[in-house]
Amino acid sequence: MPSNKSVSDAPIVQFTNCRILRDHQLQREDLWVREGKILNPEKLFFDEKGSADVQLDCKDSIIAPGFIDVQINGGFGVDFSLATDDFKSGIDLVSQKILSHGVTSFCPTLVTSPPSVYHQVLPQITVRNGGAHGAGILGAHLEGPFISKEKKGAHPEHCLRTFEAGAFQDLLATYGSLDCVQIVTLAPEMRRSSEVIQELTKRGICVSLGHSVANLSQAEEAVQHGATFITHLFNAMLPFHHRDPGIVGLLTSDKIPAGRRVFYGMISDGIHTNPAALRIAHRAHPKGLVLVTDAIAGMGLAPGRHTLGQQVVEIDGLNTYIAGTKTLSGSVATMDTCVRHFQEATGCSVETALEAASLHPAQLLGIEHKKGTLNYDSDADFLMLNDNLYVQATYIAGEEVWRQDASGM
């Protein structure tokens, strides 16, 4: 093999004095990065006879893959379900601000809305890589409007829809386009949902079950047709019942097709799910747990009145309710907070907590070959954290995009 410089002139950065999360374990190794990718140092030494151009001392930090949030409705005063003239600058603001929470990629999420909102907003969401400008956008998550009236939660009832004779065409007409769509949440008990699930899956779109009164056999049928995710487990679905556990029963179902894994989102904010429920789910199906924030426009802002799509919501401490009710409506938790709460509530290992916000969402979306791990040749999107899992710095494509300053800001 030729020398290092003829392979690439790009500088090689060696992160030293760190513990890297690789193969489900924190390993005391250096991390090598070139051209936005993670390098195999053995190939570099033996094939290229290369060495590092820059060495960075990580001062014994943990280095973990960047967090991936597949359900975030907005934040910092920005609501992804509102069609505004400056929607693009709003999404840019959120993608910039969540870098400090360790999020390097996300799926902007729209709650149930009128068709006009989807038609205006979706063309303004573009899949893009992250960088100094903010976290990468993986595609939209459309939560509704094809969901159950009984389990609508914070979704406006007048906007809910059912599938008519041309079920998939109804969905296309409602959304306008699926070009930038990554996940669709629907209620599987709806008539004709099976054909919709098959059509979406065929297009590489992840189908999630949620806001639903489905029984277990309806949920299993949806998985057999291609559904792979459960939207915020326990919230907005029938509660677990020993004779028919409903969607929750998918966690231990023996009717899941061979080679398929069902993932489930959990809002680990200490409010949406009791710590005991978090422990039950995690112990039943640890490899499927995906931490999501379900954050709303009020995340990062003072308590008071904010929006979630067509509804007004009130923030009271860490609780968010539809104004004038006690109906929970999204959260104001940040992803790093969810990771810390999950680890504390379940007593799981640091590795497990970090993978629930990185590896598992990447596996759900089928992008684990480039995101969610620190494997060789994957994207160098990673975090430096202290032992208490507070984010100290965020890197995208090997470049530092956020660092906590000395004042702790």
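The values are calculated or read from the model by the stated rules, or taken from the named source; none is laboratory data. From a predicted model like this one, the values you see are computed outputs, not experimental measurements. Don't worry about glycine lacking a Cβ; one is built from the backbone with ideal geometry, like all the others, and counts go over all protein chains shown. Surface accessibility is based on the protein's heavy atoms, side chains included, excluding ligands, DNA and RNA. Shrake-Rupley method; radii C 1.70, N 1.55, O 1.52, S 1.80 Å.
Result for the chain in a Gaussian network model with C-alpha springs under 10 Å: among Pro245, Pro257, Pro65, the largest mean-square fluctuation is at Pro257.
For the chain, DSSP calls about 50 percent of its internal beta bridges antiparallel. Using θ = phi - 60° in the Karplus curve 6.51 cos²θ - 1.76 cosθ + 1.60, the 3J(HN,Hα) couplings for region 295-311 round to 5, 10, 3, x, 4, x, 10, 6, x, x, 9, 9, 10, 9, x, 7, 10 Hz; x is entered for Gly and Pro.
Its convex hull of Cα atoms gives the chain a direction-averaged projected area, equal to a quarter of the hull surface, of 20.3 nm².
Averaging sequence separations of C-alpha pairs under 8 Å and six or more residues apart, then dividing by the length of region 66-365, give the relative contact order as a whole percent.
Details: 691 pairs, mean separation 57.6, N = 300.
For region 66-365, the relative contact order is 19 percent.
Derived scalar couplings between HN and Hα for region 117-122 equal 5, 4, 5, 7, 7, 4 Hz in order, rounded to whole Hz, by the Karplus curve 6.51 cos²θ - 1.76 cosθ + 1.60 (θ = phi - 60°), x for Gly and Pro. Under 5 Å between amide hydrogens, built in the peptide plane, is the criterion, and for Ser268 it picks out Val292 among residues at least 5 positions away or on other chains.
Rg and Dmax over the alpha-carbon atoms of region 1-129 stand at 20.3, 59 Å.
For Ile38, the amide hydrogen comes within under 5 Å of the amide hydrogens of Asp377, Ser378, Ala380, counting only partners 5 or more places away or on other chains and with H modelled in the peptide plane. Annotation: per residue accessible area for the chain equals 40 Å², rounded to a whole number [probe 1.4 Å, protein chains only]. Phi-derived couplings, Karplus 6.51 cos²θ - 1.76 cosθ + 1.60 at θ = phi - 60°, listed residue by residue for region 69-79: 9, 8, 8, 9, 8, x, x, 6, x, 9, 10 Hz, with x used for Gly and Pro.
Ligands, DNA and RNA left out, the 1.4 Å accessible surface of the chain is 49% carbon and sulfur atoms. When only Cα pairs below 8 angstrom with a gap of at least 6 residues are kept, region 128-257 shows a relative contact order of 22 percent.
Every helix of 4 or more DSSP H residues in the chain counts as -39500 (n - 2.57), and over all residues that averages to -6000 deg cm²/dmol at 222 nm. Checking every one of the GluC sites (Glu not before Pro) in region 11-120 against DSSP loop status and a limit of 14 other Cβ atoms within 10 Å picks out Glu35.
Within the chain, Cys107, Cys159, Cys180, Cys206, Cys338, Cys348 have no other Cys Cβ under 4.7 Å of their Cβ and so lack a disulfide-compatible partner by this rule. In the elastic network of the chain, a GNM with C-alpha springs shorter than 10 Å, the most mobile of Gln25, Gln392, Gln363 is Gln25. The loop-placed trypsin sites (Lys or Arg not before Pro) in region 329-409, going by DSSP, that have at most 15 neighbouring Cβ atoms within 10 Å of their Cβ come out as Lys370.
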